[in-house]
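Chemist: So that we are looking at the same thing, I have put the structure below in structure tokens.
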Amino acid sequence: MKIIMLGAPGAGKGTQAEMISEKYHLPHISTGDIFRANIKNGTELGKEAKSYMDKGLLVPDELTVRILLDRVAEEDCKEGYILDGFPRNIPQAEVLDAELGKLGDKIDAAIDIEVPDENIIERMMGRRACTSCGATYHIVNVPPKKEGTCDKCGDALILRDDDREETVRNRLNVYHEQTQPLIEFYQKKGVLKTFDGTKDMMDVFKEITEILA
Ligand code: AP5
Ligand code: MG
Ligand code: ZN
């Protein structure tokens, strides 16, 4: 099963992808997490990606597409995967489509989580992320057991550099201009499933599992 997560920054793509990954034993592939791991390790890729991410802009397609295609070619992706944050514009979606087409394959479901812009800012300010394992928390909605520490791996939780209010606003603009057109793209392919992301996260998850079952 090959799944794409769509939705604005902070809509809950990562939160839901993580739960889907556990339930269906599929790898959760977040391009944002891959970039953040590279930033943390001080790689050239990380340095280049950071210059865009800190402004709330998309990392250029040449970089992003190569990384993603390398990742989905790995052994653990044979039975499928969940893409979180890719594709993020029409050219990325077309490359993915073409690559899958070569293998006689396709995307099974594009899960679109809808949350109005007004709710996003509050969510982002409260979000805390683990840079080691990618787990996501919220100081009010999903607090970790021990403040500032990841429940899963014990590493420190951080406020992401791109979660400052001004950067979040830029990310929302980029989302509306470049990523939202993917909703129609996948609707035309007949694989779009839309969910109300303002609901409780477990309710959203339950609705998603109903369509994936
Ligand atoms: P990326 O890491 O993908 O960030 P994003 O799309 O902006 O999305 P987020 O990770 O911020 O939000 P999310 O939807 O995963 O929400 P979450 O589950 O954490 O990308 C970062 C940057 O990398 C981009 O800006 C770009 O520069 C670059 N990049 C990445 N991919 C790229 C690509 N393909 N091409 C080019 N550039 C790329 O939830 C948010 C918060 O809300 C959490 O605190 C969570 O606990 C809470 N929450 C979740 N669900 C609920 C709920 N139902 N109710 C209440 N709270 C909830
Ligand atoms: Mg995320
Ligand atoms: Zn962790």
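Rundown of residues vs (1) among the charged types (D, E, K, R); (2) touching a helix residue (DSSP H, G or I) at 6+ places or on another chain (Cβ under 7 Å); (3) at positive phi; (4) in a loop (DSSP other than H, G, I, E, B), yes/no style:
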{"site": "A11", "(1), (2), (3), (4)": "no, no, no, yes"}
{"site": "T15", "(1), (2), (3), (4)": "no, yes, no, no"}
{"site": "I20", "(1), (2), (3), (4)": "no, yes, no, no"}
{"site": "R36", "(1), (2), (3), (4)": "yes, no, no, no"}
{"site": "I39", "(1), (2), (3), (4)": "no, yes, no, no"}
{"site": "G56", "(1), (2), (3), (4)": "no, yes, yes, yes"}
{"site": "I67", "(1), (2), (3), (4)": "no, yes, no, no"}
{"site": "R88", "(1), (2), (3), (4)": "yes, yes, no, yes"}
{"site": "A98", "(1), (2), (3), (4)": "no, no, no, no"}
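Chemist: Condition first: in a helix (DSSP H, G or I) and open to solvent by 30 Å² or more (accessible area, probe 1.4 Å). Now tell me which residues in the range 184-204 satisfy that.
Modeler: E184, F185, Q187, K188, M201, M202, D203
Chemist: Considering only residues that are open to solvent by 70 Å² or more (accessible area, probe 1.4 Å) and assigned to a loop (DSSP other than H, G, I, E, B), look in the range 152-183 and name the one that is farthest from M53 (Cα to Cα).
Modeler: Looking at the filtered set, the residue picked out is K152.
Chemist: Sticking with this structure for a sec: Taking into account only those residues within the range 23-34 that are open to solvent by less than 30 Å² (accessible area, probe 1.4 Å) and not in a helix (DSSP H, G or I), which is nearest to ligand 1 (Cβ to nearest atom)?
Modeler: Ranking the qualifying residues of the range 23-34, first place goes to S30.
Chemist: Quick check on E79: is it touching a His at 6+ places or on another chain (Cβ under 9 Å) and either in a helix (DSSP H, G or I) or open to solvent by 50 Å² or more (accessible area, probe 1.4 Å) (or both)?
Modeler: yes
Residue-wise test of (1) more than 25 Å from E118 (Cα to Cα); (2) open to solvent by 50 Å² or more (accessible area, probe 1.4 Å); (3) of a type outside the set (D, E).
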residue: M5; (1), (2), (3): no, no, yes
residue: E18; (1), (2), (3): no, no, no
residue: S21; (1), (2), (3): yes, no, yes
residue: T43; (1), (2), (3): yes, no, yes
residue: M53; (1), (2), (3): no, no, yes
residue: E62; (1), (2), (3): yes, yes, no
residue: I67; (1), (2), (3): yes, no, yes
residue: E74; (1), (2), (3): yes, yes, no
residue: A93; (1), (2), (3): yes, no, yes
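Chemist: Being near ligand 1 (Cβ under 8 Å from one of its atoms) and in contact with an Asp or Glu (Cβ under 9 Å, 6 or more places away or on another chain) is the filter; apply it to the range 116-127 and report the residue that is most open to solvent (accessible area, probe 1.4 Å).
Modeler: R127
So that you can scan it fast, the table gives a plain yes or no per residue for (1) within 16 Å of ligand 2 (Cβ to nearest atom); (2) under 23 Å from I211 (Cα atoms); (3) modelled with pLDDT under 95; (4) in contact with a Gly (Cβ under 7 Å, 6 or more places away or on another chain):
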position	(1), (2), (3), (4)
D70	no, no, no, no
C77	no, yes, no, no
V95	no, no, no, no
I111	yes, yes, no, no
V115	yes, yes, no, yes
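The values are calculated or read from the model by the stated rules, or taken from the named source; none is laboratory data. Everything quoted here is computed from the prediction, not taken from an experiment. Heads up, the Cβs are rebuilt from the backbone with ideal geometry, glycines too, and the neighbour counts pull from every protein chain shown. Ligands, DNA and RNA are excluded from the accessible area calculation, which covers all protein heavy atoms including side chains. Shrake-Rupley method; radii C 1.70, N 1.55, O 1.52, S 1.80 Å.
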